[in-house]
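A.B. asks: Got a structure for you, written out below as structure tokens; questions coming shortly.
Since every read-out is calculated from the coordinates, none of them should be taken as a lab result. Worth saying up front: this structure is predicted, and the values here are computed from it rather than measured.
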Amino acid sequence: MAFKFPVINPLLHNELRLKIMVALDSLESANFMYLCEITGATRGNLSIQIKTLQEAGYIQMDKSGSGPAARSVCRITRLGHDALRTYELGLRRLFEERVPAKKDTPPKSGTLI
């Protein structure tokens, strides 16, 4: 069987979405403003990335109240947790596995690719 790199989830291979997922995986829940604070994201960008993760089924958001007193709390779903673990394992494999040399082509010494 030919060597193939592991598939890396492109949805999680985004810095802000990855930060959101790791934070929510570490915490039971996090409110929107706390996620803004710890990720360094603007409210607009965080909203867009949270919506993307919600649409994928990776997180859920519960909203309460209205106006200035409104509060949005995010939680990671089981699907999100599983996707994050798979992503982590894929990255580990990517760095730990070595690409085998082609059998019909000897490696060239002293040549950088």
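A.B. asks: Taking 0.36 nm per residue of separation and subtracting the Cα-Cα distance, what length does fully extending Ile48 through Arg93 add?
C.D. replies: On the way: separation 45, 0.36 × 45 = 16.20 nm, distance 3.00 nm.
Separation in residues times 0.36 nm, less the Cα-Cα distance, equals 13.2 nm.
A.B. asks: Ok, one more. So what are the ³J(HN,Hα) numbers for region 41-52, from phi and the Karplus equation (6.51, -1.76, 1.60; θ = phi - 60°), rounded to whole Hz, Gly and Pro as x?
C.D. replies: Taking θ as phi minus 60°, the curve returns 8, 6, 4, x, 5, 4, 4, 4, 5, 5, 4, 4 Hz for region 41-52.
A.B. asks: Would you list, by chain and number, the lysines whose Cα falls below 29 Å from the Cα of Lys19, excluding same-chain residues fewer than 8 positions away?
C.D. replies: Filter leaves Lys4, Lys51, Lys63.
A.B. asks: Could you grab the relative contact order for the chain? Cα pairs under 8 Å, six or more apart, rounded to a whole percent.
C.D. replies: 30
A.B. asks: A follow-up question, please. Quote the relative contact order of region 18-75 in percent (integer), defining contacts as alpha-carbon pairs under 8 Å separated by 6+ residues.
C.D. replies: Details: 53 pairs, mean separation 21.4, N = 58.
Normalised by residue count, the contact order of region 18-75 is 37 percent.
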